[in-house]
1. Given 0.36 nm per residue, what is the gain on full extension from GLN139 to ASP211 after removing their alpha carbon distance, in nm?
2. Find the lysine pairs in the chain meeting two conditions, Cα atoms under 17 Å apart and a separation of 8 or more places or different chains, and report how many there are.
3. Would you calculate, for the chain, the mean residue ellipticity at 222 nm contributed by helices, counting each DSSP H stretch of 4 or more residues as -39,500 (n - 2.57) and dividing by all residues, to the nearest 500?
4. Could you compute the FRET efficiency for SER63 and THR233, with r as their C-beta to C-beta distance and R0 at 25 Å, rounded to 0.05?
5. Quick one: Debye curve from the C-alpha atoms of segment 21-135, no solvent, what's log10 I(q)/I(0) at q = 0.19, 0.20 Å⁻¹?
6. Run the dipole for segment 21-135 about the Cα centre, Lys and Arg Cβ at +1, Asp and Glu Cβ at -1, nothing else charged, and hand back the magnitude in debye, nearest 20.
7. Hey, if you drop one equal point scatterer on each alpha-carbon of the chain and run the Debye formula without solvent, what base-10 log of I(q)/I(0) do you get at q = 0.07, 0.08, 0.10 Å⁻¹?
8. Give me the percent of Cα-Cα pairs in segment 142-199 that sit more than 20 Å apart, rounded to a whole number.
Amino acid sequence: MDKPQRVVLRERDAVGTLTRTAVSHIGLSVPDLASAAQFYRRVLGMVVHSELPDGGLRLGWGSGHHAIDLVEGEQGLRHYAFEVRDGNGVDGIAERLAAAGYPVGELDAGPLDAAVGTARGITTIDPHGTEVHFHTTVQRDGETAADTGRRPIKYQHITLATDDVETMVDFFVGVVGFRISDHLDDGRFAWLRSNRDHHTLAVVDVGRGGDLDHYSYDLAEWADFKAWCDRLTDEDVDVTWGPGRHGPGNNLFVFFDDPAGNHVELSAEMEKFHDDRVTYAPRRWKPIPNTVNLWGGQLASWRRTSEGK
């Protein structure tokens, strides 16, 4: 078999590179709302913050901003959001989106919790037509301070499914203001950063776009992984991939599925980038199983690489 063509994903200056932006929340459609909500309460320690006008539920960890919206319907990604802490960040993103021809609307109060302060935001669509929110700083008091054996410390990153990695990278890097940390040599997977974490967003070619590949919650440290694998077993939740360590990001990981079939990752010890002190060039990794899982190259059932299995 011929080796895949080498692809170079290039960065172009967005004139507003983000350095203090993180994921905020995610909106999912699930076939059985009650089952999904119970799962997130039981397994991830969330509580219901409020009911949505369309009958959905908003969940998070106690006080502060929510982490997930669940609405009953066909499984799918409804929207995803970022909290922009950069100065002039939301306004700069809005200007760049408009200049690039993307629609920009005001984010109404619905997607923002009443208890988080005076946040404001915008809404747009990504190249696949999925709704994306960008909003200013909110309170996240419910995160990072709870029993890490019973719940993660925060929502950490999202990985989008696509059939056009280059277009998605051009959107998030050239327009929104992300940077490329790493990508596979065949151009089918890219990891993007918007703060010191190696990635807050990734895009992977799975042959279709406008969908979620997986999303991830952060654990405090390596010691949590044993406790969490035992916890998942106690809760009759199968581990579907891991524990392992990714090459790009160097983070520890373990995966499981929610009742709707969404792939959920628990991650820890992600690599940090210090762009204010060091000049980085995007790294290109071989598209082989041992890249996405350094510990022996075992792959998840839904993951493939263009070299190797």
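Laboratory data are not the source of any read-out in this text; all were calculated from the coordinates shown. If you're wondering where the values come from, they're calculated on a predicted model, not measured in any experiment. Cβ coordinates were reconstructed from backbone atoms using ideal geometry, including for glycine residues, and neighbour counts include every protein chain displayed.
1. So the chain would gain 23.1 nm between GLN139 and ASP211.
2. Lysine pairs, 8 or more places apart or on different chains, close enough: 4.
3. Working: 5 runs with 44 residues, N = 309.
Here the helix-only value at 222 nm equals -4000 deg cm²/dmol.
4. 0.25
5. -1.02, -1.11
6. Details: 7 positive and 15 negative charges, 71 e Å.
Result for segment 21-135 is approximately 340 debye, rounded to the nearest 20.
7. So the normalised log intensities are -0.25, -0.33, -0.53.
8. Cα-Cα pairs in segment 142-199 separated by more than 20 Å: 37 percent.
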